[in-house]
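As structure tokens, the structure follows; a few thoughts come after it.
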Amino acid sequence: MSKDSREHILEVSLFLFLQKSFKAVTMKEIVERTGLSKGAFYHYFESKEQVFEEVIHHYYKGLFVQKFSAFSHDSLKAFCEDYLKDIDEKFFAVRKIGLSYQEAWNLNHYLLIFDAISILPSFRKLHEENVREQIKAWKKIVSIARKNGEITATLPDEQVAQMFVYLSDGFGMNFILKNDISNMQKFRKELRKLSIGFCNLLKP
């Protein structure tokens, strides 16, 4: 099986898991939807759990793991702009999977993560490690911003970093619950406005 065929299996499986849920999707259904023979399919994946684990890790890293080292560290403002741009690009990239099947970005993308937390023990560790890395990255830029005068608030760097991380997480979840997540232009505009507002609070 070629690399393209393997990626095809992951994309089809992701779509099915998003459409339904891990429990509702059957291995037979996945194989049939890929259009591959059982022999070709089972050469790479022996169970639905194995497919799901690879799908979720690939999906999670593509959407939630950010390369903070590539962001500008010249200022907090520049860092935030790169951060928001990266979020925009990630959401668009994952949403294209749905669009290719005439399926809009919706709450199911987050329900998939909740499925992973309950089904895959390794996933919770992956998520916790990612959160720690996010806070570490934000602490670094917060320290730089404090030195160059962008931040004068007396809150500890750790707390400021946590607030940046949880601000975007909470905002994104609220946007989804309001069923507005398909409006990425609005999402991007409001998240940027909220981030700028928070930055202003840090320099009273």
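Kindly indicate whether SER21 is of a type outside the set (Lys, Arg), farther than 20 Å from ASP115 by Cα and not assigned by TED's automatic domain parsing to the domain that holds ILE119.
no
Yes/no matrix, rows are residues, columns are (1) at pLDDT 80 or above; (2) over 24 Å from HIS8 (Cα atoms); (3) surrounded by 13 or more Cβ atoms within 10 Å (Cβ to Cβ):
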| position | (1), (2), (3) |
| --- | --- |
| ALA70 | yes, yes, no |
| ASP74 | yes, yes, no |
| ALA93 | no, no, no |
| GLY98 | no, no, yes |
| LEU111 | yes, no, yes |
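Quick one: is HIS57 under 18 Å from the mean Cα position of the chain (by Cα), outside the structural domain of TRP138 (by TED's automatic domain parsing) and at pLDDT below 90?
For HIS57, the condition - under 18 Å from the mean Cα position of the chain (by Cα), outside the structural domain of TRP138 (by TED's automatic domain parsing) and at pLDDT below 90 - is met.
Output the number of residues of region 62-88 satisfying the condition of being part of a loop (DSSP other than H, G, I, E, B) and among the aromatic types (Phe, Trp, Tyr).
Here the count works out to 2.
A quick yes/no check of all residues on (1) at pLDDT 95 or above; (2) part of a loop (DSSP other than H, G, I, E, B); (3) of a type in the set (A, V, I, L, M):
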| residue | (1), (2), (3) |
| --- | --- |
| GLU129 | no, no, no |
| LYS136 | yes, no, no |
| LYS139 | yes, no, no |
| THR152 | no, yes, no |
| GLY170 | no, no, no |
| MET173 | no, no, yes |
| GLU190 | no, no, no |
| CYS199 | no, no, no |
| LYS203 | no, yes, no |
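All but one of (1) at pLDDT 85 or above; (2) closer than 15 Å to LEU16 by Cα; (3) in contact with a helix residue (DSSP H, G or I) (Cβ under 7 Å, 6 or more places away or on another chain) hold for LEU120, so report the exception by its number.
(2)
Here are ILE144, ILE135: which of them is in contact (Cβ under 8 Å) with a residue 60 or more places away in the chain, of a type in the set (A, V, I, L, M, F, W, C) and over 30 Å from GLU49 (Cβ atoms)?
None of the other options fit; the residue is ILE144.
Using the structure shown, decide if GLU11 is surrounded by fewer than 19 Cβ atoms within 10 Å (Cβ to Cβ), within 27 Å of the chain's Cα centre (by Cα), under 27 Å from TYR110 (Cβ atoms) and without any contact (Cβ under 8 Å) to a residue 24 or more places away in the chain.
Considered against the rule, which asks whether it is surrounded by fewer than 19 Cβ atoms within 10 Å (Cβ to Cβ), within 27 Å of the chain's Cα centre (by Cα), under 27 Å from TYR110 (Cβ atoms) and without any contact (Cβ under 8 Å) to a residue 24 or more places away in the chain, GLU11 comes out as no.
Among the residues of region 23-46, are any among the polar types (S, T, N, Q), at pLDDT below 90, surrounded by fewer than 19 Cβ atoms within 10 Å (Cβ to Cβ) and outside any helix (DSSP H, G or I)?
So the first thing to find is which residues in region 23-46 are among the polar types (S, T, N, Q), and the list is 26, 34, 37.
Remaining after also requiring at pLDDT below 90: 37.
Filter once more, so that each one left must be surrounded by fewer than 19 Cβ atoms within 10 Å (Cβ to Cβ): 37.
Adding the requirement that they be outside any helix (DSSP H, G or I) leaves 37.
Looking for residues that are among the polar types (S, T, N, Q), at pLDDT below 90, surrounded by fewer than 19 Cβ atoms within 10 Å (Cβ to Cβ) and outside any helix (DSSP H, G or I), one finds at least one in region 23-46, hence yes.
In region 127-157, what count of residues is obtained for those that are more than 22 Å from the chain's Cα centre (by Cα) and more than 20 Å from ALA78 (Cβ to Cβ)?
The number of residues fulfilling the criteria is 3.
The values are calculated or read from the model by the stated rules, or taken from the named source; none is laboratory data. None of these values were measured; they are calculated from a predicted model. When we count neighbours, we look across all protein chains shown, and the Cβ atoms used for this are built from the backbone with ideal geometry, even at glycine.
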